[in-house]
1. I'd like the Karplus ³J(HN,Hα) series for segment 171-183: coefficients 6.51, -1.76, 1.60, θ = phi - 60°, whole numbers in Hz, and an x wherever there's a Gly or Pro.
2. Output wanted: per-residue J couplings in Hz (rounded whole) for segment 218-230, from phi through Karplus 6.51 cos²θ - 1.76 cosθ + 1.60, θ = phi - 60°, x for Gly and Pro.
3. Using a 1.4 Å probe, what is the accessible area per residue for the chain, in Å²?
4. Is the chain rounded, prolate or oblate when judged by the Cα gyration tensor, a ≥ b ≥ c being the square roots of its eigenvalues, rounded requiring a/c under 1.5 and prolate requiring a/b larger than b/c?
5. What are the residues whose amide H is under 5 Å from the amide H of Val249, where those residues sit 5 or more places off or on another chain and H is modelled from the backbone?
6. Pull out a ≥ b ≥ c, the square roots of the eigenvalues of the alpha-carbon gyration tensor of segment 200-283, then state rounded if a/c is under 1.5, prolate if not and a/b is larger than b/c, and oblate in the remaining case.
7. Amide H of Thr254 versus every other amide H placed in the peptide plane: which residues, excluding those fewer than 5 positions away on the same chain, fall under 5 Å?
8. In terms of the Cα gyration tensor, with a ≥ b ≥ c the square roots of its eigenvalues, is segment 19-97 rounded because a/c is under 1.5, prolate because a/b exceeds b/c, or oblate?
Amino acid sequence: VIERHTDDSEYLLFEHLAAVSGVTHAVFTRRRGYSSVPFAGLNASFTTGDDPVAVRRNRQAILATLGMPTVGTHCVHGNAVAVVERDALVPAGPDDDPVERLRQRLRQQEADALLTDVPGFAFCWAFGDCAPILLYDPAHHAIGLIHAGWRGTAAGIVLRAVATMRDRYDTDPGELLAGLGPAIGGCCYEVSETVREAFAALPDAAACASFEERADVAGETGTRLYLDIGGSNYRQLLRAGLAPEHVEVSGYCTGCRTDLFYSHRREPWPSGRFAVAIGLRAD
Ligand SMILES: [Zn+2]
C-alpha cells in the first residue's frame, strides 16, 4: 500500500487501484483528524459517543481528501447487495441534488455491499474490525465496496457481491481488482463455537473460513477459538474467481494496530471508526 496525507487526514492507497485513472479510493487511518481521546483522531462515526463537532470536522477532512460526495447504506452485517443504477443520478429538476437524494435513500436501505458503474460520488463506510473490501472491474468500469464482519463473512457476502457484478456488469472475476483493508485477525479475535456453527450453514463460506484453536492463555488448560476476518475474506475472493495477483492486502490487523486504526474488539469501549471509500470520478 501507498501512504499519503493531507494537513488533517492520513490514508492508504492500494497500489493497483491508485494506478487506475477515474477511480478515487482511500483507507483512512485514525491519525490526524480532530477527535480527542479515546476517539483520537480521524473518527468517522457519530454513533459511538464522540463529540459531533469533532466528527463533522473529521468528515469534512475525509470529503476534502476524496474530492467527491459520499454515500452509504445502513450496514446490518447481512449479505444484501445494493446496486446504484444510472437513473439514480438523473436530476429531477433545476433545483434537484441527485447525490443528496441518493444519500438520503441509501441511508434507509440495509445492505453491506454496494456496487455501481455511475461516476460522481464515493461509497463510504466507517470500520472498526470488519473487513473493508474494495472492488474494481477495469473492463466495465464498475466498483464495489463490501463491509464484512463475521456474520457477513459467514453469509458469503464477497461471493454474493462478485456474483452480482457478473449479473449486472458482465464482470469476469478473473479481471477484477480487489483491495482488502485492515480487519481484525486471528491473532486478536476470539470467537465462540456459535460463530463456527454459523459458517457451517454455508459450505462455500465455511471452506474459506480461517479458524484457529490455540491454547495461548497462561494458566489455562484447553484451547480457545479464533477467527481471522481478513484471511477468511481473502480466501472468499479467490473462491469467487479472483486472481491472487489481483488481490492486494493491506496486511494490518486492526486489533494489533490501534495506533493506526480503531478496533471495536480490542480497545476499551468506546472507540472510533475509520473511513474507507471508493468512487468513480466524473471527469
Ligand atoms: Zn491482531
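The values are calculated or read from the model by the stated rules, or taken from the named source; none is laboratory data. It should be emphasised that the depicted structure is a prediction, and the values quoted were computed from it without experimental measurement. Cβ coordinates were reconstructed from backbone atoms using ideal geometry, including for glycine residues, and neighbour counts include every protein chain displayed. In case anyone asks, the SASA skips ligands and DNA or RNA and just uses the protein heavy atoms, side chains included. Shrake-Rupley method; radii C 1.70, N 1.55, O 1.52, S 1.80 Å.
1. Computed from phi, the couplings for segment 171-183 are 5, 8, x, x, 9, 5, 9, 10, x, 9, x, x, 8 Hz.
2. With the stated coefficients, segment 218-230 comes to 4, x, 10, 9, x, 10, 10, 9, 10, 10, 9, 5, x Hz.
3. Accessible surface, normalised per residue, equals 43 Å².
4. Note, shape of the chain comes out oblate.
5. Residues meeting the amide H criterion: Leu180.
6. Oblate shape, in that a/c is at least 1.5 and b/c is the bigger or equal ratio.
7. Correct list: Ala183, Ile184, Gly185.
8. In terms of gyration-tensor shape, prolate.
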